[in-house]
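Shown next, in structure tokens, is the structure this report addresses.
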Amino acid sequence: MEEDIVMRLGTFRGGIHPPERKGMTKDCPIRRAALPPVVRIPLVQNAGEPPRFMVSAGQHVRTGEKIAEASGPVSVPLHASISGTITRIENVPVPYGGVGLAAEIEGDGKDERVWGSVAGGDPSALSREEIVARIRDAGVVGLGGAEFPAHFKLSPPPEKKLEWVIINGAECEPFLTADHRLMLEMPGDVIAGTRLIMRAAGVERAFIGIEDNKRDAYETIREASAAMPDITPVLLRVKYPQGAEKQLISAIVKREVPPGGLPADVGVVVQNVGTAVAVWEACSAGKPLVERVITVSGQGVREPANWLVRIGTPFKDIIEQSGGLTPDAAVLIMGGPMMGVAQWTTDVPVVKGTSGIIALPECAASETKPRACLRCGLCLRVCPMGLSPALIRQAAEKGRWDLAEQYGIAECMECGACAYVCTTSKNQIQLYKRAKLELKKRGSHVS
């Protein structure tokens, strides 16, 4: 079976292939952004329980110092991303929408750091429990955008035995190239992090899934892992949403995560390539997650680029370093254009889940008026979860949340494939979000 996995160009059922638009930044090496004079670090930056602030206004902090402690098993601490003084803790605009509690740090320009060499030396000597603890203490979450605590994925219940690790290097969203550059520029760290994740998960085999439009990254990772037969890079067909966990598992190991289930239910743990690098840095140097690589791109930004950015840096600081917005820029998105979140201000800060900042001009973001459904069936054909988007939408339009639940809306990941192919411009994703919100109010378990 493993030989078959290596040879085929993996994929999944359904999906779409939107224009990739990666040419603007795929050849741009990662640049370190200027140290921001001020950062705003939102409290909520992980799926699960939010942490608790443990600092107060007026307090001096150093880079990497813990400013919020985890509040439960599905929670991670937060750390100062620059050295300076906590000036306020209050609600500020956040990129998830609306406002959220955040700690503002006014930098002193010194960037004094609290981490250094890890006591005990060699990370390869760490036990499984020590690796998980270091990942948790460093505040590492999924850097693909979901922000799920990395340590929790590596600690499934005893009855769920893990067999494989899959490292997600698909980066299937248009415009984004941050993961692509990480694989090209830091292949050793990706591999070293993968090996630590394997040990923490207790598995003996890992796959690194990379879409076929990143052949140079595939060859780089293949060369870096050539002496390690237990780590196998796998080429995947270019198709959105190839980077979603369930689709990645289906494409590489041909196992289907059951409805309502998790990758651990089929013996798999999935981590992003950026997460693998963060795991390596946490275990080898004791470095907390205080910065990450993002892509700034789109026709609405003058100088698209890939940046290594401190968490909490305002979007406007990074946009200015990318030459600023063009006069016709009309839409700003955190993440990719398919699953990203539209922004109303450039004052929002970079968070752990910020994979990119995309600016689009008015001509690329024009509104269309929805028309009556033609029952063409295209949405049914492309849904990667095998749902019937039209039926769910019709139920939501009538406020029949119960029917939407029966039709499986809990399984919808809001990838937007159905909306992309809809010939009548239906606002499907907004309806799905509304339906999930209403079902949550009624006590249903939907995400």
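The values are calculated or read from the model by the stated rules, or taken from the named source; none is laboratory data. None of the values given here were measured: they were computed from a predicted structure. Cβ coordinates were reconstructed from backbone atoms using ideal geometry, including for glycine residues, and neighbour counts include every protein chain displayed. For accessibility, only protein heavy atoms count, side chains too; no ligands or nucleic acids. Shrake-Rupley method; radii C 1.70, N 1.55, O 1.52, S 1.80 Å.
Things to note:
- Summing +1 for each Lys or Arg and -1 for each Asp or Glu among the other residues whose beta-carbon sits under 12 angstrom from that of Ile311 gives +2.
- Over the chain, accessible surface divided per residue gives 42 Å², non-protein components excluded, 1.4 Å probe.
- Potential extension, Lys398-Tyr96 segment - 0.36 nm per residue separation minus Cα distance: 106.0 nm
- Disulfide-incompatible cysteines by the Cβ rule (no partner under 4.7 Å) in the chain: Cys28, Cys172, Cys283, Cys363, Cys373, Cys376, Cys383, Cys412, Cys415, Cys422
- 3J(HN,Hα) couplings calculated from phi for region 227-238 with the Karplus curve 6.51 cos²θ - 1.76 cosθ + 1.60 (θ = phi - 60°) are, in sequence order, 8, 10, x, 8, 10, 10, x, 10, 7, 10, 5, 6 Hz; Gly and Pro show x.
- Relative contact order (%) - criterion: Cα under 8 Å, at least six apart; region: region 132-272: 31 percent
- Put simply, the amide H of Val39, placed in the peptide plane, has neighbours under 5 Å in Ile105, Gly107, leaving out anything fewer than 5 places away on its chain.
- Among the listed pairs Lys22/Lys153; Lys110/Lys287; Lys153/Lys426; Lys66/Lys153, those beyond 25 Å (Cα-Cα): Lys22/Lys153; Lys153/Lys426
- Pairwise FRET efficiency - Ala285 versus Asp27, Cβ, R0 = 41 Å, nearest 0.05: 0.90
- Under 17 Å from the Ala146 label point (7 Å along Cα→beta-carbon), backbone N, region 350-382: 352-355
- Qualifying trypsin sites (Lys or Arg not before Pro) in region 9-93, where qualification requires a DSSP coil assignment and no more than 15 other C-beta atoms within 10 Å, comprise Arg13.
- The distance from the alpha carbon centre of region 189-247 to that of region 56-114 is 33 Å, rounded to a whole number.
- Relative contact order, percent, the chain [alpha-carbon distance under 8 Å, six or more residues apart]: 19 percent
- Distance histogram for region 180-296 (every C-alpha pair counted, 10 angstrom bins, percent rounded to whole numbers): 13, 44, 36, 7
- Heavy-atom accessible area for Ser81, with the other protein chains in place and a 1.4 Å probe, reaches approximately 0 Å².
- Net charge of the neighbourhood of Leu101, taken over other residues with C-beta under 12 Å away and scored Lys/Arg +1, Asp/Glu -1, is +1.
- Candidates per GluC sites (Glu not before Pro) in region 176-244, loop by DSSP, up to 16 other Cβ within 10 Å: Glu204
- Ellipticity at 222 nm from helices only: DSSP H runs of n ≥ 4 in the chain, each -39500 (n - 2.57), divided by the residue count, give -7500 deg cm²/dmol.
- Rolling a 1.4 Å probe over the protein heavy atoms of region 57-178, with every protein chain left in place, gives an accessible area that is 50 percent carbon and sulfur.
- Our summary gives region 1-160 a relative contact order of 21 percent, counting only alpha carbon pairs under 8 angstrom and 6 or more residues apart.
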